[in-house]
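Readers should treat all values here as calculations from the given coordinates under stated rules, not as data from a laboratory. Every value quoted in this text rests on a predicted model; they were computed, and no experiment measured them. Here Cβ is always computed from backbone atoms with ideal geometry, including for glycine, and neighbour counts include all displayed protein chains.
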Amino acid sequence: MRPTAKDLAEAAGVSLATVDRVLNDRPNVSKKAVRSVHEAIERIGFIRNPAAVSLARNKSYRFRFVLPKSGDLYLRELLRRVEELGLALKGDLTDIDYVQIPADDAHGVAKYLAGIGEEELDGVALMAPESPQVRDAVARLLERNIKVVQFLSGQEKLPAADFVGVDNFAAGATAGKLIGTFACRRPGKVMVVAETMQSLDSIQRRHGFDTIINERFPFLRSLPSIETHADERRANEIIGRVLENNKDIIAVYVLSSEARIPLSATAANVDLVNLAVVVHERTPFSEEALRDDRIDAVIAQDPGHAVRSAIRIMRARSDAREPLAEQERIRIEVLLKENL
């Protein structure tokens, strides 16, 4: 049977009222009593009832998703899921909204985060490229007791903020294994396309991809990453130039979450059916391209799971609870034409 607040009070040697004040961060409690209650929590395995916590707070949780302004189909799907859950959780004392900002402007992102006060929000789920400015701004949010979830793309050396997303090194390694297998020992080059290589998820995917290609498929040579910055005109120009100068390209790996723009630019120059093509994230475009053989495989993470996980983690941290690691782990899914 799960320990109750009364059990906790007895184990800590304090009154039930003191336990209530400690659990809900109320004033007029001695440091000794706080220490006794926290030690008893660990000793007896006390877990708070989330519904009771919400009632005790007597206010809503306030969470915000800070997402990039530029994006395409996958970003649209994320926004839809955030809106969907925001409506669903209104009756559960949880207010969820989102803003979109130019994520490639590190100083702009940092300035936005610096303007968030503890009285405004309880938690932020942030999707932004890695940079010292953003990392420092996130650290200052945590100092102001605003919970932060690094959403799908994280900041290096920032373990204090939770991360929601797949293991990106493993995702890149999976792409390497797939492309190496699809190449069928045919020697040639692999064109690698990203929106930006400032993004930690792109860096980790590239590292995982290169590790597998270099170790297991020496007949393939990966070209330097192309950065499109989600700009259609730029993508057409640089991808066209790379294909013109490398007639022996036999595979394409799109390591960012949006495949439509880079693959449309590629298809304007060569027939995708003749290439081994692996991309990330399930979107209407990638599904259709899988079905008609323009894409060979999609490495996906469930956007709904990611959004729900970010919200659960922010709620747990707001309640001084540990998130359930197994529940929040995002799996890598490999989609083929045959298993759509």
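Here are the numbers:
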| read-out | value |
| --- | --- |
| Ascending count of other beta-carbon atoms within 10 Å, so fewest first, for Ser70, Ser286 | Ser70, Ser286 |
| The chain, helix-only ellipticity at 222 nm - DSSP H runs n ≥ 4, -39,500 (n - 2.57), divided by all residues, nearest 500 | -14000 deg cm²/dmol |
| Distance (nanometres) between label positions extended 7 Å along Cα→Cβ at Lys90 and Thr181 | 4.6 |
| Theoretical FRET efficiency, 1/(1+(r/R0)^6), r = Cβ-Cβ of Ile101 and Arg329, R0 35 Å, to 0.05 | 0.80 |
| Distance in nm between pseudo-label sites at His207 and Arg140 (7 Å out along the Cβ direction from Cα) | 2.7 |
| Residue-span extension gain [Glu120 to Arg76] - 0.36 nm each, minus C-alpha spacing | 13.3 nm |
| Cα→Cβ-extended label distance, 7 Å offset, between Ala5 and Glu215, nm | 5.2 |
| Total lysine pairs whose alpha carbons fall under 23 Å of each other in the chain (8 or more apart, or interchain) | 14 |
